[in-house]
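Written out below as structure tokens is the structure these notes cover.
The values are calculated or read from the model by the stated rules, or taken from the named source; none is laboratory data. Since this is a predicted model, take the numbers as computed values, not measurements. Cβ placement follows ideal geometry from the backbone for every residue including glycine, while neighbour counts extend to all protein chains displayed. SASA here: full protein model, heavy atoms, side chains in, ligands and nucleic acids out. Shrake-Rupley method; radii C 1.70, N 1.55, O 1.52, S 1.80 Å.
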Amino acid sequence: SEKCYEDLLNKFIHNDEIDRFINQLKEEARDKPQNVGAIVMNCNPFTFGHRYLIETAIKSVEYLYIFVVEEDLSEFSFRERLAMVKEGVNDLENVNVLPSGKFVISSISFPEYFTKEQNSTNSFDASGDLEFFSTKVAPALNITKRFVGQVTFDITTNEYNRQMKKILGRHGIDVVEIPRLEDGGNIINATQVRKWMLEGDYERIKKFVPDSTYNVVRKHMELKEKYKGEGKLS
């Protein structure tokens with residue numbers, strides 16, 4: 001695992017990208033409280049489940065950072081996802097939404113995340129990503145807690161969370177698992193929303209997402225239909 005972390009750092013050894021990223025975080029942390037938590041989210045798209053996780057987390061810290069995965073390897077672009085999260089939490093105090101950069105759940109630090117729907121095993125090493133968070137990101141922002149949603153259906157995220165507890169715990173960072181929000185016995189999650197998008201089931205989507213997300217989903221689907229009609233999308 002140490003080698004995995006060293007390999008990650010070595011990819012940036014010849015430039016100042018890491019220093020620049022960490023210095024930006026230190027600027028963010030200036031004059032902020034010391035009891036700080038973090039969540040890393042993809043939000044593909046942002047749902048009431050994400051909102052519930054954030055609302056629950058902020059109850060146990062004075063300040064919360066939400067890192068939105070910056071890679072454009074999802075149904076919704078980073079720009080769309082960042083906008084959905086910012087809109088979805090703009091009424092909450094002491095919550096700060098940030099891009100995850102190249103170092104927190106990225107195709108460099110944790111490539112398996114982006115193929116997880118095809119993964120059938122949990123044989124991967126996420127220590128590079130998690131050591132970077134523990135030794136660089138968390139100290140820069142005074143993060144002492146990282147919040148995750150309980151996982152029952154995702155092999156990759158389950159294994160990532162297991163490794164997270166071990167590695168972050170070694171650095172004195174608590175990993176707090178929060179039960180998922182349910183609707184009539186169904187877990188509210190983005191995967192289900194994307195399935196309904198394929199079916200054009202907007203009524204069901206409305207039950208799982210805030211209005212701000214719903215508007216982005218409708219626009220996203222309309223653009224896809226338009227490009228498909230013009231032959232720009234296969």
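The table for this structure:
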quantity: Boolean, SER123 is of a type outside the set (A, V, I, L, M, F, W, C) and either surrounded by fewer than 20 Cβ atoms within 10 Å (Cβ to Cβ) or assigned to a strand (DSSP E or B) (or both); calculated: yes
quantity: Test result for PHE133, part of a helix (DSSP H, G or I), under 28 Å from GLU17 (Cβ atoms) and aromatic (Phe, Trp, Tyr); calculated: yes
quantity: Test: residue in the range 165-176 that is open to solvent by 70 Å² or more (accessible area, probe 1.4 Å), touching a Ser or Thr at 6+ places or on another chain (Cβ under 8 Å), over 20 Å from VAL95 (Cβ atoms) and of a type outside the set (Gly, Ala, Ser); calculated: yes
quantity: Residues (closer than 22 Å to LYS59 by Cβ and open to solvent by 30 Å² or more (accessible area, probe 1.4 Å)) located in the range 177-205; calculated: GLU177, PRO179, ARG180, LEU181, GLU182, ASP183, ILE187
quantity: Hits in the range 29-80 - residues which are farther than 30 Å from ARG194 by Cα and open to solvent by less than 60 Å² (accessible area, probe 1.4 Å); calculated: ALA29, LYS32, PRO33, ASN35, VAL36, SER60, VAL61, TYR63
quantity: Residue satisfying all of: in the range 68-88; of a type in the set (A, V, I, L, M, F, W, C) and touching a helix residue (DSSP H, G or I) at 6+ places or on another chain (Cβ under 8 Å); farthest from ALA140 (Cα to Cα) among these; calculated: PHE76
quantity: Pair list, Cβ < 8 Å and 6+ apart or interchain, from the range 174-203 residues that are on the phi < 0 side of the Ramachandran plot and part of a loop (DSSP other than H, G, I, E, B) to residues that are open to solvent by 70 Å² or more (accessible area, probe 1.4 Å) and acidic (Asp, Glu); calculated: ILE188/GLU182
quantity: Residue count, the range 91-109 (criterion: within 12 Å of ILE66 (Cα to Cα) and among the polar types (S, T, N, Q)); calculated: 3
quantity: Among (1) more than 22 Å from GLU6 (Cα to Cα); (2) in a helix (DSSP H, G or I); (3) open to solvent by 70 Å² or more (accessible area, probe 1.4 Å); (4) at pLDDT below 95, the one test that MET221 misses; calculated: (3)
quantity: Yes/no for LEU130 being modelled with pLDDT of 90 or more and in contact with a Ser or Thr (Cβ under 9 Å, 6 or more places away or on another chain); calculated: yes
quantity: Options ASN90, ASN158, ASN96: the member that is open to solvent by 50 Å² or more (accessible area, probe 1.4 Å) and either at pLDDT 95 or above or not polar (S, T, N, Q) (or both); calculated: ASN90
quantity: Tabulated pairs, the range 19-30, first in contact (Cβ under 8 Å) with a residue 60 or more places away in the chain and within 15 Å of ILE143 (Cα to Cα), second open to solvent by less than 100 Å² (accessible area, probe 1.4 Å) and among the β-branched types (Val, Ile, Thr), C-beta under 8 angstrom, 6+ apart or interchain; calculated: ILE22/VAL137; LEU25/VAL137; ALA29/VAL36
quantity: Which numbered condition ASP16 misses (of (1) within 21 Å of ALA140 (Cβ to Cβ); (2) open to solvent by less than 40 Å² (accessible area, probe 1.4 Å); (3) at pLDDT below 95); calculated: (2)
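To keep it simple, each residue is scored yes or no on (1) touching a strand residue (DSSP E or B) at 6+ places or on another chain (Cβ under 8 Å); (2) of a type in the set (D, E, K, R); (3) closer than 19 Å to ARG170 by Cβ.
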position: SER123; (1), (2), (3): no, no, no
position: SER127; (1), (2), (3): no, no, yes
position: ASN142; (1), (2), (3): yes, no, yes
position: GLN150; (1), (2), (3): yes, no, no
position: ILE155; (1), (2), (3): no, no, no
